[in-house]
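Following: one structure in structure tokens, then a few remarks.
The values are calculated or read from the model by the stated rules, or taken from the named source; none is laboratory data. Keep in mind that what you see is a predicted model, and the values were worked out from it rather than measured. Methodologically, a virtual Cβ is constructed for each residue, glycine included, from the backbone with ideal geometry; neighbour enumeration extends over all protein chains shown. In case anyone asks, the SASA skips ligands and DNA or RNA and just uses the protein heavy atoms, side chains included. Shrake-Rupley method; radii C 1.70, N 1.55, O 1.52, S 1.80 Å.
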Amino acid sequence: MKNRWNEKEASRYSDDVLALRAYTSRLIGQDEDLVLHDGGNTSVKVVASDFFGDEVDVLYVNGSGWDLGDIEPAGFAPVKLDVLKRMAQLENLSDTNMVNQQRAAMLDPNAPNPSVEAILHAIIPFKYVDHTHADAVVSITNTSDGEARIREIYGDRVLVIPYVMPGFVLSKKVVELSHGLDWSRLEGMVLMNHGIFSFADDARVSYERMLKLVGEANDYLASQNATEIKTATASEVIDLSTLTQLRQSVSQLAGKAMLCQLNQSPEAIAFSLLDNITDIAMRGPLTPDHVIRTKRIPMIISGDIEEDTLNYRAAYQQY
Ligand code: ZN
């Protein structure tokens, strides 16, 4: 994992906590091993002054509509920390109500909507909290014996949380499993089939813990020979007129105009040659968070593709 921390740049933010928070968020957001398509979220806890000048504990968490890769201080939503902590103690809370109450607890009504994982950030008792859906971690947790593998890699240095949908129920799960826990002995928290958290009272330490934890997951995958990407060469080149016929036929099946993109990279060709390609390609995304943009709609074609007699079976699935 490449450490992107730049001491000279970081020193410019030494007296501005939120600017420093934005800086390390960008370091995370610009790293494709950590974040894909504005996934992940970050926060910092500060003491701020409210409208009356009274001091109030605030969680600044990145808001919707901002990509971590180029986030600025304006991209963070200031939410009263005690309100978020009290919400975590409720028995039930619909996600709609959660979003509304989080907005109502913001110091600045014009700030963007806070992340749906804001309560989770609030209950982690450290100043800086970083959360990513790092591919290496998710790849390991998504295996059938993923939890055993995670414990093999990290031992008791991370808290392991079984999968529940992100939102209020996930926060409740973490409250339940961290009851009486000594957080100071932890380096992070792994959410099965979802992602990973790192945290610390220092921005750089939290960032570097994220790199270390994800790096260990990468090393583990390499040790299991799970990082090799197979390649192959196409036996024939599909011409553009065939591609347009495919696009038209799929559009007719779908009942609306569809786009069609040809990918004949060596990696894509090897993928298409897998015996179980239909099964793999038609599955849902790697994790619910990856549904955002990373799963294309697959089309499986069998039979000969000839210019005049297009004989194929197309399958598509809409997410
Ligand atoms: Zn997440």
So Pro125 fits all but one of (1) in contact with a helix residue (DSSP H, G or I) (Cβ under 6 Å, 6 or more places away or on another chain); (2) within 16 Å of the ligand (Cβ to nearest atom); (3) open to solvent by 50 Å² or more (accessible area, probe 1.4 Å); what number is the exception? (2)
Whether any residue in the range 266-289 is in a loop (DSSP other than H, G, I, E, B), within 16 Å of the ligand (Cβ to nearest atom) and either modelled with pLDDT of 85 or more or open to solvent by 50 Å² or more (accessible area, probe 1.4 Å) (or both) is what I want to check. yes
Looking at (1) assigned to a loop (DSSP other than H, G, I, E, B); (2) touching a helix residue (DSSP H, G or I) at 6+ places or on another chain (Cβ under 6 Å); (3) farther than 20 Å from Gly39 by Cα, which is the only condition Val164 fails? (3)
Is it true that some residue in the range 235-247 is under 20 Å from Leu59 (Cβ atoms), touching a strand residue (DSSP E or B) at 6+ places or on another chain (Cβ under 8 Å) and either surrounded by 14 or more Cβ atoms within 10 Å (Cβ to Cβ) or not polar (S, T, N, Q) (or both)? no
Filter the range 159-169 down to the residues that are open to solvent by 10 Å² or more (accessible area, probe 1.4 Å) and among the β-branched types (Val, Ile, Thr) and list them by number. Val160, Val164, Val169
Filter result for the condition that a residue is modelled with pLDDT of 55 or more and either out of contact with any Ser or Thr (no Cβ under 6 Å at 6 or more places or on another chain) or assigned by TED's automatic domain parsing to the domain that holds Val164 (or both), over Gln317, Gln252: Gln252
The strands (runs of 3 or more DSSP E) lying entirely within the range 12-107 that contain at least 2 residues which are open to solvent by 30 Å² or more (accessible area, probe 1.4 Å) are 41-49, 55-62
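Here's the yes/no breakdown for (1) farther than 30 Å from Arg26 by Cβ; (2) away from the ligand (no atom under 12 Å from the Cβ):
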residue	(1), (2)
Tyr154	no, yes
Leu159	no, yes
Met165	no, no
Lys172	yes, yes
Leu177	yes, yes
Trp183	no, yes
Leu186	no, yes
Gly195	no, no
Asp201	no, yes
Can you find a residue in the range 3-19 that is in contact with a Gly (Cβ under 9 Å, 6 or more places away or on another chain) and more than 17 Å from Arg209 (Cα to Cα)? no
Do we have Ser178 as open to solvent by less than 50 Å² (accessible area, probe 1.4 Å) and closer than 30 Å to Asn92 by Cα here? yes
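Per-residue answers, yes or no, for (1) acidic (Asp, Glu); (2) within 15 Å of the chain's Cα centre (by Cα); (3) part of a loop (DSSP other than H, G, I, E, B):
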| site | (1), (2), (3) |
| --- | --- |
| Ile119 | no, no, no |
| Ala122 | no, no, no |
| Val137 | no, yes, no |
| Gly180 | no, no, yes |
| Phe199 | no, no, no |
Scanning the range 203-213 residue by residue, the ones that are open to solvent by 30 Å² or more (accessible area, probe 1.4 Å) and over 18 Å from Arg26 (Cα atoms) total 0
Only listed residue being within 16 Å of the ligand (Cβ to nearest atom) and charged (D, E, K, R), chosen from Asp67, Asp108, Asp50: Asp67
Among (1) buried (at least 19 other Cβ atoms within 10 Å of the Cβ); (2) in contact with a strand residue (DSSP E or B) (Cβ under 9 Å, 6 or more places away or on another chain); (3) assigned to a helix (DSSP H, G or I); (4) not acidic (Asp, Glu), where does Lys172 come up short? (2)
